[in-house]
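Inspection log for the structure reproduced underneath, given as structure tokens.
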Amino acid sequence: MSLQIVWFVLWGILWAAYFVLDGFDLGAGMLYGFLGRNAAEKAAIRRSIGPVWDGNEVWLLTAGGATFAAFPAAYASLFSFLYSALLLILFGLIFRGAALEFRAKSAGAAWARTWDLVFGAASFLPALLFGVAFGNLFRGLPIDASGYHGTLLGLLNPYGILTGVLFAAMFGVHGALWVSLKTAGELGARAQRMAGELWSYLLILAAGFLAASYFSTQLAANYLKSPFWAAIPAGAVAALFATRFFISRKRAFAAFLSSGATILLVTATGLVGLFPNLIPSRMDPAFSLTIFNSSSSPYTLKIMTVVALVFVPIVIAYQIWVYRVFRHKIDAAGGDGENY
């Protein structure tokens with residue numbers, strides 16, 4: 001197996017890990033104003049993600065860094081072609097963190113309501129736009145010999161929007177299950193009910209995404225060539241229904257794990273269909289950026305492989321430790337807590 005293929009797999013794992021981990025705190029942020037009915041409940045939601053949300057975003061930095069180091073031509077093209085969309089994602093992530101911090105800087109009700117709205121909107125925007133961005137990669141970008149011919153509005157095509165809404169729905173279910181897992185009392189029960197309600201919409205969106213992907217993209221080609229890869233989308237469907245089963249049985253932890261598996265396998269479904277492309281051209285496949293024509297030198301990839309083998313396990317071990325330390329449920333009657 002070539003190092004380009006190894007790094008494509010690692011690249012996909014890093015993005016999937018980011019979506020699974022940051023997905024639940026983005027989802028909790030999206031639902032923040034709907035789940036939290038009073039100051040104590042809103043504080044409990046903030047406290048449920050407070051110790052982990054910025055650590056989860058380490059995976060975004062890692063995925064972005066891996067793209068830059070392993071596939072620099074694709075990285076440069078992405079930040080050129082999708083500059084406006086990626087800038088909006090960045091603004092969303094910045095304002096989400098700012099909302100959590102600035103909310104506690106004043107005791108005024110209007111101040112708190114303003115930052116609560118910012119927190120919810122800034123959580124929804126990245127979730128939606130990450131889906132739009134990946135949807136357009138799955139669909140292919142308008143690239144030919146003279147360059148990229150798309151616009152920001154062109155990214156908001158029906159398939160891109162459908163993928164964006166799918167991502168937002170997956171993160172919403174994942175976030176509701178996290179709040180259910182981490183909070184006690186009525187708030188936890190309400191979050192579990194909301195996860196079940198959102199799951200119904202997610203099922204419809206997932207079915208629509210599979211159908212639209214068949215007709216609007218070339219993702220099915222790899223599955224038709226090698227049918228054994230169909231185990232991945234089949235696993236995504238199984239994980240999706242397992243999530244609903246565990247929600248109905250009020251098994252929050254199992255439902256949360258199943259939801260995470262759904263996100264991971266949906267991401268893998270798209271990336272397996274994309275291979276070996278990173279940025280496919282829908283105008284002429286000859287102008288697609290692949291893992292072979294956009295990768296770094298073999299020596300660079302070898303160095304990166306050693307670095308990844310050393311440092312990624314350290315990051316994983318640290319995050320496991322953090323989640324273990326903050327594993328206890330949060331009581332909505334427990335107050336605002338420090339900074340959150």
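Laboratory data are not the source of any read-out in this text; all were calculated from the coordinates shown. A quick note: this is a predicted structure, and the numbers were derived from the prediction, not measured. Counting neighbours? That spans all protein chains shown, and the Cβs are built from the backbone with ideal geometry, glycine included.
Listed values, structure above:
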quantity: Farthest positive-ward along region 253-340 dipole, Cα basis, beta-carbon charges - from Leu271, Leu301, Ala286; calculated: Leu301
quantity: Rounded, prolate or oblate (a/c below 1.5 giving rounded, otherwise prolate when a/b exceeds b/c) for region 213-340 by Cα gyration tensor; calculated: oblate
quantity: Per-selection Rg to Rh, region 139-198 - Cα, Kirkwood hydrodynamic radius; calculated: 1.32
quantity: Nitroxide proxy distance, nm - points 7 Å out along Cα→Cβ at Phe91 and Arg251; calculated: 4.4 nm
quantity: Nonlocal amide H pairs with Phe71, under 5 Å, H built at 1.01 Å; calculated: Ser296
quantity: Total charge dipole magnitude, the chain, about the Cα centre, Cβ charges on Lys, Arg, Asp, Glu only, Debye to nearest 20; calculated: 740 debye
quantity: Helix-only [θ]222 nm of the chain, DSSP H runs n ≥ 4, -39500 (n - 2.57) each, per residue, nearest 500; calculated: -25500 deg cm²/dmol
quantity: Of Thr67, Ser84, Gly23, farthest towards positive along the dipole that unit charges on Lys, Arg, Asp, Glu beta carbons give region 1-101; calculated: Gly23
quantity: Dipole of the chain [Lys/Arg +1, Asp/Glu -1 at C-beta], most positive-end residue of Pro227, Val9, Phe95; calculated: Pro227
quantity: Kirkwood Rh and Cα Rg combined as Rg/Rh, region 1-87; calculated: 1.13
quantity: For region 84-148 versus region 156-211, the gap between their alpha-carbon centres in whole angstrom; calculated: 18 Å
quantity: Extension reserve of the Tyr299-Lys329 stretch, reckoned as 0.36 nm per residue once the Cα distance is removed; calculated: 6.1 nm
quantity: Span-like helix ranges in the chain, DSSP H, alpha carbon extent 24 angstrom or more, Kyte mean at least -0.5; calculated: 3-30, 83-102, 109-139, 158-182, 185-216, 231-248, 252-274, 298-325
quantity: Under-5 Å amide H pairs with Ile330, H placed in peptide plane, nonlocal only; calculated: Thr183, Ala184
quantity: Semi-axis lengths, Å, region 1-150, gyration tensor of Cα atoms, sqrt of 5 times eigenvalues; calculated: 34, 17, 12
quantity: Rg/Rg_ref, region 177-242, where Rg_ref = 2.2 N^0.38 Å and atoms are Cα; calculated: 1.51
quantity: As computed over the chain, the Cα convex hull volume per residue (Å³); calculated: 131 Å³
quantity: Full-extension gain in nm, Phe34 to Ser226, via 0.36 nm per residue minus C-alpha separation; calculated: 64.7 nm
